[in-house]
Amino acid sequence: MVRIAVGPSPRRLPVIPWLFVLLTVLTFVPVSQALFELIVRPVTVGELVDRQIGLATRLVAVDGYVLLVPFDADPPSDAASASSFVYHWFAVRDSLQELRVVLVRSIIAPRALRERSVVARVVDDPGTVSGARAGIVARGGTDPSAVAPLLLTEVRPQGESIRELRSLAELGQVPVGQVVRITLRFEAGIASCVAHNSCQARQLASGAGTWDNLARDPASGGWAVVRTEYPPSVAPFQGVGQHAQDPELLASVLAQPLVRGMLGWASVLRVAHVEQDLGLPINHLWAGPILFTALGTLLFVGLRVGYPRFRVTPSIARQGAVRPISLYAALQCRASGRITPRHASPFEARDLPATLRADAEEGAELSMEAPGGRRSVTIPHGLGGLGSIEVGEVLTLSRVSPALKVSWFGNNVLLVFSDASARNAAAAWLQRSP
């Protein structure tokens with residue numbers, strides 16, 4: 001008979017790594033916020049006018065160019081107490097050449113559309129700056145006393161670094177060719193071709209060409225000339241709100257002579273309208289929940305299925321009382337690792353059902369139910385100088401299992417037991433001298 005130490009009962013409380021806890025928290029926060037937000041679908045003006053978005057899509061975000069001449073609008077029915085002077089109709093197109101128009105009813109002040117963030121490249125072109133100023137003055141505009149000599153050309157950068165400017169006072173520190181972002185208020189502008197006396201009315205009317213604009217910096221009061229691809233009569237615009245379908249309302253708006261004169265007769269039957277809501281979120285947090293959920297799922301699957309962790313525990317000699325177990329008893333376990341049987345080729349065991357039996361002469365016999373048939377290998381007593389045994393436990397996401405890690409003569413095996421007493425018995429068998 002062999003006397004062995006009996007350890008405490010196995011713990012079955014879930015073991016959740018800190019990383020999984022962090023991912024869970026990071027997933028819960030944006031998901032909770034996103035569930036209370038409304039989904040806003042980006043659409044084009046053409047999709048709205050041609051009714052390609054479907055009746056189910058109610059909240060939309062429209063990007064385009066807005067005509068800076070607004071039309072007074074009556075308030076919506078749910079805001080009947082508001083003054084009609086608060087609301088305006090803004091005409092928005094996808095491009096300057098587009099005939100289709102979306103009317104956006106909004107409380108945005110018309111002058112607020114002239115102040116916007118501009119991404120532009122710094123160009124050393126004092127001749128263009130002087131020509132733009134002279135052309136604006138010749139047409140009744142006011143020439144400010146101090147204008148930056150550098151030209152800002154609005155661009156859409158592709159992978160270029162953008163330098164943030166808090167005011168035009170910092171423009172002198174920026175090298176020529178650098179792309180900057182700055183907030184400016186556009187006041188007046190002319191076609192770039194005016195300075196060269198090469199303008200063609202038909203091209204300008206169709207939106208072909210560039211325009212040089214005088215823009216003021218609200219922060220410092222300085223002025224600059226900004227070159228754009230759209231005339232000073234329009235501005236980039238994003239309208240976010242409810243896609244409304246009210247033919248009678250649109251007909252009453254289009255019946256106004258001023259509206260027909262500005263939009264043109266050809267586009268009267270190509271109009272939709274959006275009720276802008278400035279309180280709707282535009283940038284949602286759906287990417288965050290998807291990313292964190294995917295990472296959490298991968299971590300869960302990895303820990304649950306393919307990546308258990310072995311942890312060494314204190315010696316079983318100090319783990320409690322002892323009780324006798326028969327030397328020839330069989331212990332059930334599961335085996336994983338590299339096995340090298342005598343006079344046979346090595347093979348890999350992956351969580352195979354196994355039986356461990358003590359043998360008084362040679363050592364302990366490990367027998368496994370391998371896919372190709374039952375395989376057996378002898379673990380020698382004491383393991384000698386070329387072997388080792390580690391007493392510990394295997395941690396997975398859902399439980400902690402007692403285990404032994406045994407190495408000898410080219411074999412490296414992890415044995416997982418159902419309870420600590422079986423693991424301690426196996427350790428006692430393997431540690432005894434022959």
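The values are calculated or read from the model by the stated rules, or taken from the named source; none is laboratory data. Keep in mind it's a predicted model, so treat the numbers as computed, not measured. Ideal geometry is used to build each Cβ from the backbone, glycine not excepted, and the neighbour counts take in all protein chains shown. What goes into the accessible areas is simple: the full protein's heavy atoms, side chains included, and nothing from ligands, DNA or RNA. Shrake-Rupley method; radii C 1.70, N 1.55, O 1.52, S 1.80 Å.
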**Complete:** Result for the stretch 123-282: accessible area per residue, probe 1.4 angstrom, in square angstrom, of 52
**Asked** So what is the diffusion coefficient of the stretch 96-236 in µm² per second by Stokes-Einstein at 10 °C and 1.306 mPa s, using a Kirkwood Rh over Cα pairs?
**Response** 100
**Message:** Within the stretch 147-246, what whole-number % of the accessible surface is contributed by carbon and sulfur, with the 1.4 Å probe and all protein chains included in the calculation?
**Reply:** 47
**Prompt:** Where in the stretch 335-431 are there trypsin sites (Lys or Arg not before Pro) that are in a DSSP coil and have at most 10 other Cβ atoms within 10 angstrom of their Cβ?
**Reply:** Arg342
**Prompt:** In the stretch 67-162, which GluC sites (Glu not before Pro) fall in coil by DSSP and have 16 or fewer other Cβ atoms within 10 Å?
**Reply:** Glu160
